[in-house]
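Undergrad: Starting off with a structure, shown below.
The values are calculated or read from the model by the stated rules, or taken from the named source; none is laboratory data. As the structure is a computational prediction, the values presented were derived from the model and not from experiment. Glycine gets a Cβ as well: all are built from the backbone with ideal geometry, and neighbour counts include every protein chain shown. Quick note on the areas: whole protein, heavy atoms, side chains included, nothing else; ligands and nucleic acids left out. Shrake-Rupley method; radii C 1.70, N 1.55, O 1.52, S 1.80 Å.
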Amino acid sequence: MSSLHVLKRNWLFYKVSSFCPNQLDHFHFRTALRTDFSTMHPKLPRPLVFCGPSGSGKSTLVKRLMDDFPEKFGFTVSHTTRSPRPGEKHGQHYYFIDESDMKTAIANGDFIEHAVFSGNIYGTSFRAVEDIAKQGKIVLMDIDMQGVKQIKQTTLNPWCVFIHPPSLPELKERLLKRKTESEESLARRLAKAREEIKFGLTPNFDKTLVNDDLDKAYKELKKFVEENVLEIRIPTV
């Protein structure tokens, strides 16, 4: 069987399994993700990816979007090797995993994207995406610039949105209000934020927002999502 026939077979399996989720197994899903969806099925929902500095308001905007469209989106729960913070729950906020196990999983190709920050590894697994696909929902991800670079090299063809903070001083104030950062970790986050803000100005993103007013930023985000990601067309009078 030619490689083209294999790709078409895997794609057909994915297409059929979208109507029969129980037939979707992990191996075939991972294989299907590596096929060229853009040419085989242009109607496949594109994932919605968020990127921006910690403290830019991504989580708040994502929560509003999920609240407004609970049947449309499924949020991927990432893996991390860092320790849980107070109030964080395994499987809800993150999948907390041992570093050696995470490295083994990455080496086995179990992750769509992964990145290292402050000595900890973060990543999105194929399994997390599979769980959402089984529900017939659009995959929604919150990843850093390393992850964006990686996922844009796949055939997933994601919609990418970058959230800018109003300014670095304002970002610093937001991070300080969390009371979760040491002086050292705060300096690392601000240094990374400078890099991320520069990255947010590159052509990697379909939409960029400045979150200086939450309601205004969400209104702009919702309009973009409805008109592009969900393709909702409001007729003009």
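Undergrad: Mind scanning Lys134/Lys216; Lys152/Lys198; Lys177/Lys222; Lys63/Lys177; Lys58/Lys172; Lys63/Lys207 and naming the pairs with a C-alpha gap bigger than 23 Å? Please report the intermediate quantities before stating the final value.
TA: Numbers: Lys134/Lys216 33 Å; Lys152/Lys198 18 Å; Lys177/Lys222 27 Å; Lys63/Lys177 20 Å; Lys58/Lys172 15 Å; Lys63/Lys207 18 Å.
In this structure, Lys134/Lys216; Lys177/Lys222 lie more than 23 Å apart at Cα.
Undergrad: When the chain is fully extended, how far beyond the present Cα-Cα distance does Asn120 get from Ser167, taking 0.36 nm per residue of separation? Mind showing how you got there, number by number?
TA: Numbers: separation 47, 0.36 × 47 = 16.92 nm, distance 2.62 nm.
That pair, Asn120 and Ser167, stretches by 14.3 nm at full extension.
Undergrad: At Thr154 and Thr60, where each label point lies 7 Å from the Cα along Cα→Cβ, what is the point-to-point distance in nanometres?
TA: Taking the two extended label points, one gets 3.0 nm.
Undergrad: What figure in square angstrom, to the nearest 10, would you give for the accessible area of Arg188 with a 1.4 Å probe?
TA: About 90 Å², ignoring ligands and nucleic acids.
Undergrad: Run through the DSSP bridge list for segment 75-127 and note the antiparallel percent, rounded to the nearest 5. Write down the numbers at each step before the final one.
TA: Working: 8 of 11 bridges.
Here the share of antiparallel DSSP bridges comes out near 75 percent.
Undergrad: Right, here's the next one. Find out how many positive minus negative residues lie around His164, taking Lys and Arg as positive, Asp and Glu as negative, among other residues whose Cβ is under 10 Å from that of His164. Can you show the working numbers first?
TA: Working: positive: none; negative: Glu196, Asp212.
Its environment carries a net charge of -2.
Undergrad: For segment 67-117, which trypsin sites (Lys or Arg not before Pro) pass both filters: DSSP loop (anything but H, G, I, E, B) and at most 16 other C-beta atoms within 10 Å? Intermediate results must be reported in sequence, preceding the final value.
TA: On the way: sites: Lys72, Arg82, Lys89, Lys103; in loops: Lys72, Arg82, Lys89.
Taking segment 67-117 and a limit of 16 other Cβ atoms within 10 Å, the loop trypsin sites (Lys or Arg not before Pro) found are Arg82, Lys89.
Undergrad: Check His164: other-chain or 5+ apart residues with amide H under 5 Å from its amide H, H built from backbone geometry?
TA: Leu209, Val210, Asn211
Undergrad: Full-extension gain between Lys179 and Lys223, please, as 0.36 nm times their residue separation minus the C-alpha to C-alpha distance.
TA: On the way: separation 44, 0.36 × 44 = 15.84 nm, distance 3.34 nm.
Computed gain between Lys179 and Lys223 is 12.5 nm.
Undergrad: Tell me, what is the Rg over Rh of segment 138-211, with Rh the Kirkwood radius over Cα pairs?
TA: Values: Rg = 13.8 Å, Rh = 13.6 Å.
We get a ratio of 1.01 for segment 138-211.
Undergrad: I want to verify the translational diffusion coefficient of segment 52-178 in µm²/s; compute it with Stokes-Einstein, Rh as the Kirkwood radius over Cα pairs, at 37 °C and 0.692 mPa s. The partial results should precede the final answer.
TA: Numbers: Rh = 15.7 Å.
The calculation lands on 209 µm²/s.
Undergrad: Please give every one of the aspartates and glutamates within straight-line cross-link reach of Lys149, meaning a C-alpha to C-alpha distance under 15 Å, and leave out same-chain neighbours fewer than 8 residues apart.
TA: In chain and number order, the partners are Glu113, Glu195, Glu196, Asp206.
Undergrad: Between segment 139-168 and segment 177-237, how many Å separate their Cα centres?
TA: 10
Undergrad: For a paramagnetic label modelled at 7 Å from the Cα of Arg85 toward its Cβ, which residues of segment 175-200 fall within the zone defined by backbone nitrogen distances under 20 Å?
TA: 175-197
Undergrad: How do the peptides 54-65, 107-118 rank, highest first, by the average count of neighbouring beta carbon atoms within 10 Å per residue?
TA: Details: 54-65: 19.2, 107-118: 16.0.
Most protected by this proxy first, the peptides run 54-65, 107-118.
Undergrad: For segment 152-192, treating each Cα as an identical point scatterer without solvent, what Debye log10 I(q)/I(0) comes out at q = 0.14 1/Å?
TA: Values returned for q = 0.14 Å⁻¹ are -0.48.
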